[in-house]
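Read through the structure below, which is laid out as structure tokens, and then see the notes.
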Amino acid sequence: MFEGSYLGDGSRISDGARLECGICWYVYDPAEGDEVWQIPPGTPFSALPEHWACPNCDAPRHKFMVVDAA
């Protein structure tokens with residue numbers, strides 16, 4: 001199972017880190033949140049609900065890779 005560069009461990013991700021979907025390249029930016037899932041701006045990736053998936057392609061969280069650790 002691919003687990004991205006954070007190895008599925010949310011504690012390894014800084015609150016400002018942006019993560020990119022390894023399937024469709026959608027970037028989750030905590031400064032923007034996610035309108036599709038009604039996630040407010042300022043929500044770090046590690047605080048997303050367990051059922052959250054990519055709003056673009058529905059890929060699971062473990063398919064995301066850290067783009068930058070802002």
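Could you tell me how many cubic angstrom of Cα convex hull volume the chain has per residue? Present the calculation step by step, with values, prior to reporting the outcome.
Working: hull volume 5.3 nm³, N = 70.
Roughly 75 Å³ of hull volume per residue.
Counting only protein heavy atoms, what percent of the accessible surface of the chain is carbon or sulfur at a 1.4 Å probe? Each step should come with its number before you reach the end.
Details: 2080 of 4080 Å².
Taking all protein chains in place, the chain shows 51 percent carbon and sulfur surface.
Using a probe of 1.4 Å, the accessible surface attributed to D29 totals some 30 Å² when neighbouring protein chains are kept in position.
The values are calculated or read from the model by the stated rules, or taken from the named source; none is laboratory data. Everything quoted here is computed from the prediction, not taken from an experiment. We work out accessible area using only protein heavy atoms, side chains counted, and drop any ligands, DNA or RNA first. Shrake-Rupley method; radii C 1.70, N 1.55, O 1.52, S 1.80 Å.
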